[in-house]
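Below is one structure; the comments refer to it alone.
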Amino acid sequence: MTVTILGAGAFGTALAITLAQNGAVSLWARDAARVEEMNRTRRNDRRLPMAELPENVAVTADIDAALTETVLLAMPMQQMGGFLREHRARLDGRTLVACSKGIDLATGHGPTALIHATCPGARAAILTGPSFAADIARGLPTALTLACDTDDAALQERLSTPTLRIYRTTDTTGAELGGALKNVIAIAAGVVTGAELGDSARAALMTRGFAEMTRLAIRLGARPETLAGLSGFGDLVLTCTSPLSRNFRFGQALGQGEGFDPETTVEGVATAKAVVTLAGNLGIEMPVAEVVADLSDHRVTVAEAMHALLSRPLKEE
Ligand SMILES: NC(=O)C1=CN([C@@H]2O[C@H](COP(=O)(O)OP(=O)(O)OC[C@H]3O[C@@H](n4cnc5c(N)ncnc54)[C@H](OP(=O)(O)O)[C@@H]3O)[C@@H](O)[C@H]2O)C=CC1
Ligand SMILES: O=C(CO)COP(=O)(O)O
């Protein structure tokens, strides 16, 4: 079964490389010049420079030629809504597996909810969990969660490779919220590191961050065990502790009072804003997300953010 990947960024390219071990892969990118370059060099030098594309990865700028029954969407979250609206007719009836991590600022939807709302004729799933694109492309051991409303062992098998182990669940809400919210907490962990506030502070922040992730997700119908799994806790640990994470590095730059490359994909910034709105509407406290939204927009200093968190009323854990 040929799998289609729409979006040839770091993650789409890494998935193409590993999934090619199971069969043909169609990798679509919107920019014809980049496609030509990738076909000439058999690499994606802009997004994932270290990895070679296997022979059975067909790179194309022709979306109709690329499309098959199973389609992985590997673009930044804030681009997905517009993309789905533009291509709704051709995506109808297919299985759309979102690989993005975030909450759409315009609608407050996570990836699968956005697919349901925009392409009601498609089947929605999400592939998420702790994995750096470079690790997947290098064939390092990785485990992810595949969440689909209807249990789908065949899809789980097609997306599993000798080094990429897929667990499956039907809790799409929990899986997509874990992946979205951990990026917000990773920014905060980066700030703590950049501002040299100490490892103890980072551990406290990760733990309280996980508490607020879980609080919002359960309120929206997620299962607690999903949050405790790869897509929640697992990815939180990875991105809050590794400088390979762009969200973590963005936070680190904020903590050091330095700028950050605006071209780099940092999903947690828009998601923090979306979360603050969502939590406000639901009457749920998300203090870490609030300070991340404020810090990202330079509305508060790191010292003010720290004071805001530490001066909250004392309460039971
Ligand atoms: N990198 C990683 O390690 C991981 C990333 N993810 C998630 O994957 C998603 C994508 O991230 P990643 O691949 O790293 O991002 P990159 O910044 O590496 O690449 C983004 C890609 O999306 C394409 N794109 C952007 N907008 C559109 C659009 N409107 N239509 C079509 N294509 C578009 C870009 O095309 P162009 O080059 O033309 O701008 C580019 O190829 C994110 O949600 C991220 O959280 C998940 C796990 C790991
Ligand atoms: O989601 C990721 C790892 O699981 C990648 O994290 P960043 O987007 O922060 O680089």
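Derivation of every value follows stated rules applied to the coordinates shown; laboratory data play no part. Since we're looking at a predicted model, the values are computed, not measured. With ideal geometry, Cβ positions are generated from the backbone for all residues, glycine too; neighbour counts draw on all protein chains shown.
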Report task. Once you have all Cα-Cα distances for the chain, histogram them in 20 Å bins from zero and send the whole-percent values. Result -> 35, 57, 9, 0
Requested in this report: Calculate, in whole percent, how much of the Cα-Cα pair population of the stretch 211-317 lies beyond 18 Å.
Outcome: 56
Query raised in the report: Looking at the chain, what % of its DSSP beta bridges pair antiparallel, to the nearest 5?
Result: 20
Report summary line: Ordering 203-213, 306-316 by per-residue average of other C-beta atoms within 10 angstrom, highest first, gives 203-213, 306-316
Report summary line: Rounded to whole angstrom, the alpha-carbon centroid of the stretch 89-144 lies from that of the stretch 223-275 at a distance of 17
Requested in this report: Quick one, can you get me the convex hull of the C-alpha atoms of the stretch 3-170 expressed as volume per residue in Å³?
Outcome: 102
Query raised in the report: For the stretch 28-114, what is the per residue volume of the convex hull drawn over the alpha-carbon atoms, in cubic angstrom?
Result: 110
Query raised in the report: Given a cut-off of under 8 Å on Cα pairs at least six residues apart, what relative contact order in percent is computed for the chain?
Result: 15
